[in-house]
Amino acid sequence: MGLTRTEAFTERQNRLAAIAKALAHPARIAILEVLRRRQACVCGQIVDELPLAQATVSQHLKELKAAGLIKGTIEGTSVCYCLDAHGCREATALL
């Protein structure tokens, strides 16, 4: 079984692959659209707009955050999510 050798590729190629992986699920695209439309919201508000369970939305938010496409700010006991302007500009430039 072969190993993925990311070190054999450029930083740009690895970054683009991480972004592409984050965008490779329709639920994540829908989440980005919700955040674009609402500017910022907590997980429960996203759940209200999508046909997904809260745990599933949370997992997708985690992937989008890891890719640098969104960011979250702690507000009391909740995390308020919004698009990360820098990450989205970078994704656009790489794509």
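The values are calculated or read from the model by the stated rules, or taken from the named source; none is laboratory data. Model, not experiment: these values are computed from the prediction. Note: ideal-geometry Cβ built from the backbone for every residue, glycine included; neighbour counts use all protein chains shown. Keep in mind that these areas ignore ligands, DNA and RNA; they rest on the heavy atoms of the full protein, side chains included. Shrake-Rupley method; radii C 1.70, N 1.55, O 1.52, S 1.80 Å.
Structural remarks
- Leading residue by the ranking (farthest from the chain's Cα centre (by Cα)) among those in segment 56-78 that are open to solvent by 50 Å² or more (accessible area, probe 1.4 Å), free of Cβ contacts under 8 Å to residues at least 40 places away in the same chain and closer than 20 Å to ALA27 by Cβ: THR56
- Number of the exception - ARG12 against (1) more than 16 Å from ALA91 (Cα to Cα); (2) basic (Lys, Arg); (3) exposed (fewer than 11 other Cβ atoms within 10 Å of the Cβ): (1)
- Residues of segment 36-51 satisfying the condition of being in contact with a helix residue (DSSP H, G or I) (Cβ under 8 Å, 6 or more places away or on another chain), part of a helix (DSSP H, G or I) and in contact (Cβ under 8 Å) with a residue 12 or more places away in the chain: CYS43, GLY44, ILE46, GLU49
- Failed item, numbered, when CYS82 is tested on (1) assigned to a helix (DSSP H, G or I); (2) within 14 Å of the chain's Cα centre (by Cα): (1)
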